[in-house]
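Everything on this sheet refers to the single structure shown next.
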Amino acid sequence: MRKLFSVVLYFVCANAYAQIPEDAIRYSWFTQNGTARTLAIGGVMGSLGGDISATFVNPAGIGFYKTNEAAVTPGFLMNKIKTYYRGTALSDEKNKFSFGTSGFAIALPNLNNENKSNAFSIAFTQKANFHNLIKYKGFNNYSSYSESFAEELTNQKLADVLSTQSIAPYTTAPTYLSYLIYIDTLPGGKVVVKTLTDNVINAGRSLQQEMLKTTKGGLYELGASYAGNDGEKWLWGVGIGIPIISFESNTVYSETDTSSITSDQFKSFKFIDNYTTRGAGINGKFGLIFRPKEYIRLGLAVHTASYMSLTDARKSSLATVLENPSKDTLVNSGTFTNGNERGN
């Protein structure tokens, strides 16, 4: 029985893909959103209804509509960033207009029974805004970012790293071919991976380090709901949602030897990493609202999980400037991926 379970588990997991914590937080943690009315009441739309935001919370709330309505919710994102890195403080701002929950509802009166009615809605909302900027700059005489590439190569086979199906096409492979990291043999035959920045730090000097990371995009959802109203006492609704993800990250990291000493051979390097995720999915919603009294409203909403199909694309480059002898080298990740930057 145990062997049978293992075989079944193998085939179930054969097409599974891992998700890092950063992805899980980005695509599942949302700030409060909705129309101005919804935000003003703290998002209490589970049993209140009568607002286009009910399309995404409890579709039964759309049943309160007796007349047609269109809603547009503009917004403005104010983002101020402050960083403090090894004695150097930086600040910046990245403000942006945003588009909140908007759409329209169409009332469908029952000509045979005035106590019953139906309504239909189509709406669009932004659940998460990925626009952000992070940067820092300072001098460091303790460590270098290139050490992470050296550690990665230490744990891998060089042939696997440099192949056209490289296991590290965006990081270690370009770093090695641009001469930032190299393999050295110590007395006694021990093989170690070193980085050119070690020469600067071991001499007691500092590297000027600078990082700029910008992100943009958002998590949006297009939704449609159909609801019914039975005598203002029972309301029900069903809906579907189409979540849409668009995320883009651009990171530029550089280190520079600010001294005039050339014996260490290292002058600077710049690492550029571009990463995007785009895709869409589908989910379902069902809701009920019960009003036993005018001043009592009980709401129930059930949301299915969202089935998503996402495509990642990544490309990177690393430029190294050497001295004594002078040499400039630029290596792109496409060298190791046959020019294909697509992922799963």
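The values are calculated or read from the model by the stated rules, or taken from the named source; none is laboratory data. Note that the coordinates shown come from a computational prediction; the quantities given were computed from them, not determined experimentally. Here the Cβ is made from the backbone with ideal geometry for all residues, glycine too, and neighbour counts use every protein chain on show. To get the accessible areas, we keep the full protein, side chains included, count just its heavy atoms, and leave off ligands, DNA and RNA. Shrake-Rupley method; radii C 1.70, N 1.55, O 1.52, S 1.80 Å.
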Across region 63-117, the tally of residues that are touching a Pro at 6+ places or on another chain (Cβ under 8 Å) and over 17 Å from Asn132 (Cα atoms) stands at 3
For region 58-78, what are the residues that are of a type in the set (Val, Ile, Thr) and assigned to a loop (DSSP other than H, G, I, E, B)? Thr67, Val72, Thr73
Applying the selection to region 103-127, what residues are under 23 Å from the mean Cα position of the chain (by Cα) and open to solvent by 50 Å² or more (accessible area, probe 1.4 Å)? Phe124
So if I check each of Ser263, Ser259, Ser254, Ser225, which one is more than 30 Å from Gly50 (Cα to Cα) and in a strand (DSSP E or B)? Ser254
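Which residue is farthest from the chain's Cα centre (by Cα), if the candidates are limited to region 222-256 and must be acidic (Asp, Glu) and modelled with pLDDT of 95 or more?
Glu255
Is it the case that region 3-16 has a residue that's among the basic types (Lys, Arg), open to solvent by 30 Å² or more (accessible area, probe 1.4 Å) and modelled with pLDDT of 75 or more?
no
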Picked from region 202-211 (must be open to solvent by less than 60 Å² (accessible area, probe 1.4 Å) and of a type outside the set (Gly, Ala, Ser)), the residue farthest from Phe124 (Cα to Cα) is Arg205
Region 82-102, residues that are loosely packed, with under 14 Cβ neighbours inside 10 Å and assigned to a strand (DSSP E or B): Lys82, Tyr84, Ala89, Ser91, Asp92, Glu93, Lys96, Phe97
Scope region 224-253; condition open to solvent by less than 20 Å² (accessible area, probe 1.4 Å) and under 30 Å from Lys270 (Cβ atoms); matching residues: Ile245, Phe247, Ser249, Tyr253
Here is a list of conditions, (1) among the polar types (S, T, N, Q); (2) open to solvent by 60 Å² or more (accessible area, probe 1.4 Å); (3) touching a Leu at 6+ places or on another chain (Cβ under 9 Å), and Thr304 meets all of them except one; can you say which number that is? (3)
Total residues in region 292-316, condition in a strand (DSSP E or B) and in contact (Cβ under 8 Å) with a residue 60 or more places away in the chain: 10
Quick one: in region 307-344, of everything that is over 30 Å from Ile242 (Cα atoms) and within 24 Å of the chain's Cα centre (by Cα), which residue is surrounded by the most Cβ atoms within 10 Å (Cβ to Cβ)? Leu318
The residue that is farthest from Gly103 (Cα to Cα), considering only those in region 24-47 that are open to solvent by less than 60 Å² (accessible area, probe 1.4 Å) and touching a strand residue (DSSP E or B) at 6+ places or on another chain (Cβ under 8 Å), is Arg26
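Using the structure shown, decide if Thr256 is open to solvent by 20 Å² or more (accessible area, probe 1.4 Å) and over 27 Å from Asn58 (Cβ atoms). Before you say what the answer is, go through the steps one by one.
On the way: open to solvent by 20 Å² or more (accessible area, probe 1.4 Å): yes; over 27 Å from Asn58 (Cβ atoms): yes.
For Thr256, the condition - open to solvent by 20 Å² or more (accessible area, probe 1.4 Å) and over 27 Å from Asn58 (Cβ atoms) - is met.
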Please determine, by comparing only the residues of region 128-167 that are in contact (Cβ under 8 Å) with a residue 24 or more places away in the chain, aliphatic (A, V, I, L, M) and open to solvent by less than 30 Å² (accessible area, probe 1.4 Å), which one is nearest to Asp92 (Cα to Cα). Leu133
Give me the residue from region 212-223 that is open to solvent by 30 Å² or more (accessible area, probe 1.4 Å) and out of contact with any Leu (no Cβ under 7 Å at 6 or more places or on another chain) and, out of that set, farthest from Ala107 (Cα to Cα). Leu212
With the condition kept exactly as written, say whether any residue in region 269-278 is open to solvent by 40 Å² or more (accessible area, probe 1.4 Å), modelled with pLDDT under 95, more than 15 Å from the chain's Cα centre (by Cα) and of a type in the set (D, E, K, R). no
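Please tell me if Thr67 is of a type in the set (Ser, Thr, Tyr) and modelled with pLDDT of 85 or more. So that I can check it myself, show each step before the final result.
Working: of a type in the set (Ser, Thr, Tyr): yes; modelled with pLDDT of 85 or more: yes.
So Thr67 fits the description; yes.
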